[in-house]
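Everything below concerns the one structure shown next.
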Amino acid sequence: MKKNSLVYSFFLLLIVSTFACTRNTQQINFAENSSELATPTKKPDYRLGFGDVLDIRFFNNRNYNISVPVRPDGNITIEKIGDVYVDGKTPAYVDSVITAAFSKFLREPEVTVIVMEFGNNHFYVLGEVETPGRYAIAKELTAFQAVAMAGGTKADAKMSHALLIRRAETASPLIMPVNLKKLEDKENAAAIFLDLKPNDIIFIPNTRISDFAGFMSNVYSTILPPVDSYLRAVFWSRL
């Protein structure tokens, strides 16, 4: 009887130990997975554009401090060094360029570039929508949400032939056809739910556009003028 009691106690202890080890393993794996899920995806560095206002500070050389807007041609003007092209560049890059330029007549200049005002944080919804115009990007937005912000489409709008027009780095603006009527289409969903970027244009036509090249050649003269000078300045050199 005593022997059986010892055997029972041994197996009970073994079961409890095994359960404890298993639970600890699950907790560790859960913690590792939670940490991975909680790790935020790194967003790309901010790129400067027309309308941004930069505050350029010189440590120990405050007489060179300046606040300057980015012009439509993408340049800023700084005393001593003249124009500096900043469109599409990061603040850190501009910092390095200014530092290198001032190193020619200042000893070890320490420069800080801060974006005080963001001028290009907007997108546009044009064409057959109730309230066409410019809208601020206050959060991550998709083409479908952008159209909703513009009051939705008019009766004669061709939602199946919508266009997303995006400024390219080194070429003419890109055109992406977006069928806003096929939300369930997996291939089309990639475009519908693509996050908008500053200066993107969502265009809702009232007819099918088959000649994209011809359409783009007329963008500057037929679509942009009614909007504002801001958008014209952004695209003028790309068309």
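All Cα-Cα distances of the range 53-117, cut into 10 Å bins from zero to the largest, leave 22, 63, 15, 0 percent in each bin in turn.
By average Cβ neighbour count within 10 Å, what is the ranking of 117-125, 60-68, 150-158 from highest down?
117-125, 150-158, 60-68
Pairs over the 26 Å Cα-Cα cut-off, from the set Lys89/Lys182; Lys89/Lys158; Lys154/Lys182: Lys89/Lys182; Lys89/Lys158. Counting charges near Lys197 (Lys, Arg +1; Asp, Glu -1) among other residues having Cβ under 11 Å from its Cβ returns a value of 0.
Within a Cβ distance under 11 Å of Ile114, other residues only, what is the Lys/Arg minus Asp/Glu net charge? Overall, the nearby charge balance is -3.
Starting with the highest mean, order 96-103, 159-166 by the number of other Cβ atoms within 10 Å, averaged over the residues of each peptide.
159-166, 96-103
About the centre of its Cα atoms, the range 53-117 shows a dipole size close to 220 debye [charges on the beta carbon of Lys, Arg (+1) and Asp, Glu (-1) only; nearest 20 debye].
Bear in mind these aren't lab numbers, they're just calculated from the coordinates by the rules spelled out. All values derive from a computational prediction rather than experimental measurement. Here the Cβ is made from the backbone with ideal geometry for all residues, glycine too, and neighbour counts use every protein chain on show.
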